[in-house]
Amino acid sequence: MASNSSPSNLGWTYDVFLSFRGEDTRNNFTGHLYTDLVQKGIRTFRDDKLPRGEKIAPELLNDIEKSRSSIIVFSKTYADSRWCLDELAKIMECRQEYRQKVLPIFYCGSIGHT
């Protein structure tokens, strides 16, 4: 990426980029987290509209770059998803290159359920 187009020069589009395995947490933990962040006025990106495919969409990589920080919700099958692993690699690249903050959350599912 050219230095004149770095996120620090463009300004951040999002305060938080949420990385999660949709089938594991979209309709429970991550859904509630997203709602709470938005209600607090935190500009949060959650991938709900980009088409799924073998490779991660370039638009999604761009959204990661334009985020001040990332929250990664590690769930049981997060690492089974090539898409999630590509997001994680880009997040860690941005952490190194742009000093973005990264907050991991280890989601184990509902307590009391088998």
Which residues' amide hydrogens lie under 5 Å from the amide hydrogen of Phe17, considering only partners 5 or more residues apart or on another chain, with H built in the peptide plane?
-> Phe45, Ser69, Ser70, Ile71
Segment Lys40-Ala89, length gained on full extension (0.36 nm per residue, minus Cα span) = 14.8 nm
Which percent of the accessible area of the range 27-110 is formed by carbon and sulfur heavy atoms (probe 1.4 angstrom)?
-> 53 percent
Measure of exposure for Ile91: accessible area at 1.4 Å probe, Å² rounded to 10, is 0 Å²
Can you give the accessible area of Asp48 in Å² (nearest 10), computed on protein heavy atoms with a 1.4 Å probe?
-> 70 Å²
Using a Förster distance of 35 angstrom, determine the FRET efficiency expected from the C-beta separation of Glu97 and Asn27, and round it to 0.05.
-> 0.60
Just the accessible area per residue of the range 65-114, please: how many Å² with a 1.4 Å probe?
-> 65 Å²
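The values are calculated or read from the model by the stated rules, or taken from the named source; none is laboratory data. Since the model is a prediction, treat every value here as computed from it, not as a measurement. Heads up, the Cβs are rebuilt from the backbone with ideal geometry, glycines too, and the neighbour counts pull from every protein chain shown. Accessible surface areas use protein heavy atoms only, side chains included; no ligands, DNA or RNA. Shrake-Rupley method; radii C 1.70, N 1.55, O 1.52, S 1.80 Å.
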